[in-house]
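Values in this text are rule-based calculations from the coordinates and carry no lab data. These numbers were taken from a predicted model, which means no experiment stands behind them. Counting neighbours? That spans all protein chains shown, and the Cβs are built from the backbone with ideal geometry, glycine included.
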Amino acid sequence: MERKGFLKSLLVAAVSAPVILEACGKDAVPSTETATNTGSGSTTCAVAPTETEGPFPTHSPGSYNRSDIRDGRSGYDMTAKITIGNVNNSCAALAGAIVDIWHCDAQGNYSEYGSSNLQAAHFLRGRQVTDANGLVTFTTIFPGWYSGRATHIHVHIYDSTGKSLKVTQIAFPEGSGSAVSIVNGYDKGMSGYTSNANDGIFRDDRSGAEIATVSGSIADGFQLAMKINVAG
């Protein structure tokens, strides 16, 4: 898929967009709605799709070995549980793999990029090593969105020696009752939101292999679960 023009436009938008220092998600009235939509994820033993790492990868991912990646960023709490499977072993759990994740904040801003105050920040970026069950767990916030992209999380997986195994992205279920509809774009709403079906990264995911299972509520927090298979 040709994405060079798409990525260039995103980078320009991110650098030139006005900076909003703090999201106001936690100040909103808690919702009683509960997210029930789920994605299919890797339901078969197949390698996860490869996606672009940029335009906002972590500059020094090894510096952020941590499970809580919020860094005080305001937003609705979310626990992300990502399981790594090895297709070379019937997709059994891959222990000892290194998993980096990063995503935007409630207003669509990435740390380490854009204005000077964002470049000096490192929020919503972290690294963990999978346990015996192939699992890593991150405490974060529900991502916001920015022009041209659906809600998403970036993932880069390495083996225990640091060899890159997979760069991919996680999509979120959409539609009535989904976490995306409940959060409703935080304060900026959903006007101009790009759906998975129209997203330049996810629109070719016909099987839903990149869509996580997401449950929970604004009041109680959200839970994301995703299985990503690699050739370990």
Going from the fewest other Cβ atoms within 10 Å to the most, one would list Leu165, Leu224 as Leu165, Leu224
Output the peptides 60-67, 225-232, 173-180 sorted from most to least packed, where packing is the average of other Cβ atoms within 10 Å over each peptide's residues.
225-232, 173-180, 60-67
Taking every C-alpha to C-alpha distance in the range 126-195 and binning by 10 Å from 0, the per-bin percentages run 16, 41, 26, 15, 1
Note: the range 84-232 at 25 °C, 0.890 mPa s; Kirkwood Rh on alpha carbon pairs; Stokes-Einstein D in µm²/s works out to 150
